[in-house]
Amino acid sequence: MGIQDIIEGKKQWRAHMARVKALPPDYRIVYKEMQKYLFKVGPIDLSDGPLLPEIVDFFEGGVAAGKGVLELIGNDVAAFCDDLVKDSRTYADVYQESISREPGTAEK
């Protein structure tokens, strides 16, 4: 990864966070909770993938439709996030694989 890649990544992240800051307060709170949760248990490609921008797109649509954030996702933020990443390889999967390997065997 070169310096240009790092600079471009920072620009994209700042633009993404500017979109988050433009959301109403209840949406911002839920987004930040989702982000924290997903960074802990989410997919391996979370920072490079489309999931976080897609969540903001979804939220912006909810705001435009005049809906509250809980109308969109329900009361259980973690369950909503789990459903979003159910088919993705997560850090929890990697950890589970690492502890289920027999000691002394090489990784394939």
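At a glance:
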item: Carbon + sulfur, % of accessible area of the chain - ligands and nucleic acids excluded, 1.4 Å; result: 55 percent
item: Cα long-axis angle, helix 25-41 against the chain (0 to 90 degrees, to the nearest 10); result: 0 degrees
item: Per residue accessible area of the chain, 1.4 Å probe, in Å²; result: 70 Å²
item: Tilt relative to the chain, helix 91-100 - C-alpha long axis, 0 to 90 degrees, to 10; result: 20 degrees
item: Positive dipole terminus of the chain, leading residue within Ala65, Tyr91, Pro24 (C-beta point charges); result: Pro24
item: Inter-part distance where region 3-17 and region 47-87 are each reduced to a Cα centre, Å; result: 22 Å
item: About the Cα centre, charge dipole magnitude for the chain (Lys/Arg +1, Asp/Glu -1 at Cβ), debye; result: 480 debye
item: Positive minus negative residues near Ala15 (Lys, Arg vs Asp, Glu; Cβ under 12 Å); result: +4
item: Degrees, to the nearest 10: 51-64 long Cα axis against longest axis of the chain; result: 20 degrees
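The values are calculated or read from the model by the stated rules, or taken from the named source; none is laboratory data. A quick note: this is a predicted structure, and the numbers were derived from the prediction, not measured. Cβ sites come from the backbone with ideal geometry, for glycine too, and all protein chains shown count toward neighbours. Side chains included, ligands, DNA and RNA excluded: accessible areas come from the protein's heavy atoms. Shrake-Rupley method; radii C 1.70, N 1.55, O 1.52, S 1.80 Å.
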